[in-house]
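> Structure incoming, see below.
The values are calculated or read from the model by the stated rules, or taken from the named source; none is laboratory data. The structure displayed is predicted, hence computed values, not measured ones. Cβ sites come from the backbone with ideal geometry, for glycine too, and all protein chains shown count toward neighbours.
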Amino acid sequence: MMDLSHVRFHPARRRAPVARRHPGPATDPAPSDESGHGELVRGLPALVLTRARLNPAAYRAAPLRRRVGACLRAISAESEGAACARVDRDEAAHGAALNSLLIGVSSFFRDAEVWDTLRTSVVPGLVRQRSDTIRVLSLGCSLGAELHSVAMLLAEAGALHRAELVGVDCRPRAVATASAAVFDEHSLSGVAPDLLARYLEPAVTGWRIVEPLRRQATWKVMDATRDMPEGPWDLVLCRNLLMYLRRRVADTMCRRMVASLAPDGSLVLGKAERPPASLHLTPLGRCIHRFDGA
């Protein structure tokens, strides 16, 4: 493992809670694309999203069009028209198409630089500053590896017992997999051997997160573009979801996430994602932004 003993964290002074304006519900973009992200979502992607009670107008069309071929293969359809017919009448086909369309990347400790900052600075800071429950939210949690990674860091810091961990995804199959907390050996390549020995145990089909970590986590099926679990949250992770949304929807969602942060709470986004400058967040490291409660 990388030696980070030379890195020092200077915790921000704890601030008293302040009154903040909370943004209203997310509004859908107008029919014309004012966000500069091209055409609206149509065809099979629109049908799959609509049947999942997701709003196609919230998403950029181009990334979803690139997933149509994967959807056809997932449900053994020869054409987009045939796929639409199957998805419309077969719930299992719809679930497979949804998983293929909104495929999520879920791996432990993905992007080492981000996790080094979380491990050496953010999580220790929360443990020192919070005397009560530490609340962590993962939006677009996919198969749950990210939230389980945070749970390991909290356990290493001796604070897992007072943590509340919530994972949210719009795909029921992904949420069921996250709740089961069973992973194959390949997906655990990012877990250090000592953490693997302490926090995973053999299962029939792979390795399972140990019960103390599973007990602290709750998993929800929810459309994060429209709603999210109530804060305040000390840490919100939403990595590589905003990049698939139209700009207006992404900015509204980002404002909602920041409004849900406790003072000195942190927001973690993907490498290609930036919060609106008007939110005046303080960078803590790569992809990590602190809300100062102002």
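> Could you grab me the full set of residues in the range 275-294 that are closer than 12 Å to residue 264 by Cα and small (Gly, Ala, Ser)?
293, 294
> Could you tell me which residue of the range 183-201 is surrounded by the fewest Cβ atoms within 10 Å (Cβ to Cβ), considering only residues that are at pLDDT 95 or above and assigned to a strand (DSSP E or B)?
201
> Sticking with this one: Just one of the numbered conditions (1) among the charged types (D, E, K, R); (2) at pLDDT 70 or above; (3) part of a loop (DSSP other than H, G, I, E, B) is not true of residue 116; which one?
(3)
> Residue 95: within 30 Å of residue 264 (Cα to Cα) and surrounded by 18 or more Cβ atoms within 10 Å (Cβ to Cβ), yes or no?
Details: within 30 Å of residue 264 (Cα to Cα): no; surrounded by 18 or more Cβ atoms within 10 Å (Cβ to Cβ): yes.
When the stated conditions are applied, residue 95 does not pass them.
> So which of 127, 136, 68 is more than 20 Å from residue 271 (Cβ to Cβ), assigned by TED's automatic domain parsing to the domain that holds residue 219 and in contact with a Leu (Cβ under 6 Å, 6 or more places away or on another chain)?
It is 136.
> Let me ask another. Kindly evaluate residue 166 against the criterion of being assigned to a helix (DSSP H, G or I), under 29 Å from residue 52 (Cβ atoms) and assigned by TED's automatic domain parsing to the domain that holds residue 240.
Taking the combined requirement at face value, the residue does not satisfy it.
> Here's a follow-up. Taking the range 183-205, which residues are closer than 18 Å to residue 105 by Cβ and not charged (D, E, K, R)?
183, 186, 187, 188, 189, 190, 191 - these are the residues of the range 183-205 that are closer than 18 Å to residue 105 by Cβ and not charged (D, E, K, R).
> Another question, if that's okay. Every residue in the range 102-126 that is more than 25 Å from residue 199 (Cα to Cα) and surrounded by fewer than 23 Cβ atoms within 10 Å (Cβ to Cβ), please.
103
> Which residues, counting only those in the range 127-144, are surrounded by 24 or more Cβ atoms within 10 Å (Cβ to Cβ) and either modelled with pLDDT under 95 or touching a His at 6+ places or on another chain (Cβ under 8 Å) (or both)?
140, 141, 142, 143, 144
> Out of everything in the range 45-56 that is touching a residue at least 24 places away in the same chain (Cβ under 8 Å) and crowded, with 16+ Cβ neighbours inside 10 Å, what residue ends up being farthest from residue 97 (Cα to Cα)?
Let us first name the residues in the range 45-56 that are touching a residue at least 24 places away in the same chain (Cβ under 8 Å), namely 45, 47-49, 51-55.
Subset that is crowded, with 16+ Cβ neighbours inside 10 Å: 45, 47-49, 52, 54-55.
Details: 45: 9, 47: 10, 48: 7, 49: 10, 52: 10, 54: 14, 55: 16 Å.
In this case the residue turns out to be 55.
> Still on this model: Might you check whether a residue that is over 21 Å from the mean Cα position of the chain (by Cα) and at pLDDT below 90 occurs anywhere in the range 39-47?
Yes.
> Please indicate, with yes or no, whether at least one residue in the range 60-77 is surrounded by 13 or more Cβ atoms within 10 Å (Cβ to Cβ), in contact (Cβ under 8 Å) with a residue 60 or more places away in the chain and in a loop (DSSP other than H, G, I, E, B).
Among the residues of the range 60-77, at least one is surrounded by 13 or more Cβ atoms within 10 Å (Cβ to Cβ), in contact (Cβ under 8 Å) with a residue 60 or more places away in the chain and in a loop (DSSP other than H, G, I, E, B), which makes the answer yes.
> What's the number of the condition residue 151 fails, among (1) outside any helix (DSSP H, G or I); (2) hydrophobic (A, V, I, L, M, F, W, C); (3) modelled with pLDDT of 95 or more?
Every condition holds for residue 151 apart from (1).
> Next question, about the same structure. Could you tell me whether residue 167 is within 20 Å of residue 237 (Cβ to Cβ) and without any contact (Cβ under 8 Å) to a residue 60 or more places away in the chain?
In short, yes.
> Quick one: is residue 284 over 17 Å from the mean Cα position of the chain (by Cα), touching a residue at least 24 places away in the same chain (Cβ under 8 Å) and over 20 Å from residue 160 (Cα atoms)?
Criteria met by residue 284.
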